[in-house]
Amino acid sequence: AAPLKQLAAQKGLMFGSSLAMKYFDQLSAYKQLFVSQCDIATPEFQMKWNSLSRQPGVYDFAAADQFVAFCVANHIKVRGHTLVWHDSMPAWVPGQLSPTTARAVMLDHIRVVAEHFAGKLYSWDVVNEVLDPGSQRPDGLRASPWLKNIGVDYIEQAFRATAAADPKALLVWNENYLEVSNGFGDAKRKAMLIQLDTMLARSVPIHGIGLEAHLRGDQANVLGDASYEVFLDELAKRGMKIFITELDIQDASFSADFRMRDKEVADVYGKFLTASLRQPAVKGVVTWGLSDSFSWISGYRPRKDGLPVRPLAFDVNCQPKPAYYAIAESL
Ligand code: XIL
């Protein structure tokens, strides 16, 4: 199978995957597969706050440093992931803080971590999943502890602090469920563009948008349509580089039969990537794992029939699946 990074590079794109180095010990062919397919990688959890710091103010960078060293040695760019995410806060960060303390805690974290990796990362996902139309707020922002404790400008402050600590990294706002043209997705797109306009008017250093693209097979009918492409255009008009950052296809609703299911999954990859890659502002595609052996979908959205999930491009033996060919064709 031709390396996806090579096919991508021919179109001026990057291709990569999330990774945890422990997978190399669990499946011997995985390292070779990873290095041959990827020129960009995202640490699956090693740079998240709760992975780096188990006690107040104490940081252990060993695993994340090992990740970066591996990538550097293999000419793989690193997407820093992620500085501010409500879902990876260490238990020691109190839920309620005064505005001044909350600000200091968040900005200290950003400074320590972004300075540690300064100059070594391609990009930082500065904020992750900060929109939530379910919050019932008119601005569509997630009612996260940071928003409640600091106020809406915590996002702007996070970007400014990251830029100060690592002026070379491309600064990205990573977000989920923007790919789907339903009520929820439409509301998120609208809220994002309003926030972006506000921040750009204030010269906030934001350079890119990450579309996670954890796609559900049963939503294929509302994926990659004209309104999605209009949204990508709106991002591009605002000067944003766009990255597909966590692509995988949940196959819970698809056939039990492997061959049929692999084709159904491949169709969604093809449909989504074809639409996405029509937009020249899209600079890279990163899947959330390469082999079905290591996918968070097996825990996050398992199948009711108990069969193993098959959401990724390569099977448990690191052999290419129809999804691989669909990705290759759309690049
Ligand atoms: C997931 C990882 O895959 C898991 O290993 C971890 O325990 C929890 O996070 N959105 C994101 C990713 O931005 O960081 C998440 O990754 C998946 C959803």
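The values are calculated or read from the model by the stated rules, or taken from the named source; none is laboratory data. It should be emphasised that the depicted structure is a prediction, and the values quoted were computed from it without experimental measurement. Glycine gets a Cβ as well: all are built from the backbone with ideal geometry, and neighbour counts include every protein chain shown.
Anything in segment 284-296 that is surrounded by fewer than 22 Cβ atoms within 10 Å (Cβ to Cβ) and assigned to a helix (DSSP H, G or I)? List them, or say none.
Residues satisfying the conditions are SER293, PHE294.
Where in segment 1-50 are there helices (runs of 4 or more DSSP H), lying fully within it, with 2 or more residues that are more than 30 Å from PRO90 (Cα to Cα), more than 16 Å from the ligand (Cβ to nearest atom) and modelled with pLDDT of 95 or more? So that I can check it myself, show each step before the final result.
Numbers: elements: 4-9, 22-26, 30-37.
The helices (runs of 4 or more DSSP H) meeting that bar are 4-9, 30-37.
Got a number for residues in segment 245-277 being within 18 Å of ASP186 (Cα to Cα) and within 16 Å of the ligand (Cβ to nearest atom)? Lay out the reasoning, then the answer.
Residues of segment 245-277 within 18 Å of ASP186 (Cα to Cα): 272, 275-276.
Filter again for within 16 Å of the ligand (Cβ to nearest atom), leaving none.
So the count comes out to 0.
Yes/no matrix, rows are residues, columns are (1) surrounded by 15 or more Cβ atoms within 10 Å (Cβ to Cβ); (2) of a type in the set (Asp, Glu); (3) modelled with pLDDT under 95; (4) in contact with a helix residue (DSSP H, G or I) (Cβ under 9 Å, 6 or more places away or on another chain):
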residue	(1), (2), (3), (4)
GLN136	no, no, yes, no
LEU147	yes, no, no, yes
ASP153	yes, yes, no, no
THR162	yes, no, no, yes
GLY210	yes, no, no, no
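Identify, from the list PHE243, PHE231, the residue that is in a helix (DSSP H, G or I), under 28 Å from PRO43 (Cα atoms) and among the aromatic types (Phe, Trp, Tyr). Reasoning before the result, please.
Working: PHE243 fails: in a helix (DSSP H, G or I).
Matching residue, one of PHE243, PHE231: PHE231.
Restricting to segment 90-103, and then to whatever is in a helix (DSSP H, G or I) and loosely packed, with under 13 Cβ neighbours inside 10 Å, can you tell me which residue is farthest from the ligand (Cβ to nearest atom)? Give the steps one after another, and end with the answer.
We begin by selecting, within segment 90-103, every residue in a helix (DSSP H, G or I); these are 99-103.
If we keep only those that are loosely packed, with under 13 Cβ neighbours inside 10 Å too, we end up with 99-100.
Values: PRO99: 26, THR100: 29 Å.
Result: THR100.
Output the number of residues of segment 69-85 satisfying the condition of being over 17 Å from the mean Cα position of the chain (by Cα) and farther than 19 Å from GLN6 by Cα. Lay out the reasoning, then the answer.
Going residue by residue through segment 69-85, those that are over 17 Å from the mean Cα position of the chain (by Cα) are 69-75.
Among the residues that remain, those that are also farther than 19 Å from GLN6 by Cα are: 69-70.
So the count comes out to 2.
Is it true that ASP87 is within 16 Å of the ligand (Cβ to nearest atom), surrounded by fewer than 15 Cβ atoms within 10 Å (Cβ to Cβ) and in a helix (DSSP H, G or I)?
Working: within 16 Å of the ligand (Cβ to nearest atom): yes; surrounded by fewer than 15 Cβ atoms within 10 Å (Cβ to Cβ): yes; in a helix (DSSP H, G or I): yes.
So ASP87 passes the test.
Check off (1) under 30 Å from ILE76 (Cβ atoms); (2) outside any loop (DSSP other than H, G, I, E, B) for LYS168 and give me the number that stays unchecked.
So LYS168 meets the others, but not (2).
From GLY239, GLY217, GLY210, GLY224, which residue is of a type outside the set (Ser, Thr, Tyr) and either without any contact (Cβ under 8 Å) to a residue 12 or more places away in the chain or within 16 Å of the ligand (Cβ to nearest atom) (or both)?
Details: GLY239 fails: either without any contact (Cβ under 8 Å) to a residue 12 or more places away in the chain or within 16 Å of the ligand (Cβ to nearest atom) (or both); GLY217 fails: either without any contact (Cβ under 8 Å) to a residue 12 or more places away in the chain or within 16 Å of the ligand (Cβ to nearest atom) (or both); GLY224 fails: either without any contact (Cβ under 8 Å) to a residue 12 or more places away in the chain or within 16 Å of the ligand (Cβ to nearest atom) (or both).
Just one listed residue meets the conditions, GLY210.
For segment 297-319, what are the residues that are surrounded by 17 or more Cβ atoms within 10 Å (Cβ to Cβ) and either within 14 Å of the ligand (Cβ to nearest atom) or more than 28 Å from LYS5 (Cα to Cα) (or both)? Give the derivation first.
First, pick out the residues of segment 297-319 that are surrounded by 17 or more Cβ atoms within 10 Å (Cβ to Cβ): 297, 301, 303, 309-315, 318.
Those that are surrounded by 17 or more Cβ atoms within 10 Å (Cβ to Cβ) and either within 14 Å of the ligand (Cβ to nearest atom) or more than 28 Å from LYS5 (Cα to Cα) (or both): ILE297, ARG301, ARG303, VAL309, PRO311, LEU312.
Of the residues ALA220, ALA275, ALA326, only one is modelled with pLDDT under 95, part of a helix (DSSP H, G or I) and aliphatic (A, V, I, L, M); which? Can you show your working first?
Details: ALA275 fails: modelled with pLDDT under 95; ALA326 fails: modelled with pLDDT under 95.
Among ALA220, ALA275, ALA326, only ALA220 is modelled with pLDDT under 95, part of a helix (DSSP H, G or I) and aliphatic (A, V, I, L, M).
Name the residues in segment 297-323 that are small (Gly, Ala, Ser), assigned to a loop (DSSP other than H, G, I, E, B) and under 17 Å from LEU215 (Cα atoms), would you? Working first, answer last.
Residues of segment 297-323 small (Gly, Ala, Ser): 298-299, 306, 313, 323.
Next, only the ones that are assigned to a loop (DSSP other than H, G, I, E, B) stay: 306, 313.
Once the filter is applied, which keeps residues that are small (Gly, Ala, Ser), assigned to a loop (DSSP other than H, G, I, E, B) and under 17 Å from LEU215 (Cα atoms), segment 297-323 yields only ALA313.
Quick one: count up the residues across segment 196-211 that are assigned to a helix (DSSP H, G or I) and over 19 Å from the mean Cα position of the chain (by Cα).
Within segment 196-211, the first condition is being assigned to a helix (DSSP H, G or I), and the residues that meet it are 196-201.
Those left that are additionally over 19 Å from the mean Cα position of the chain (by Cα): 197-201.
Going through segment 196-211 one residue at a time, the tally reaches 5.
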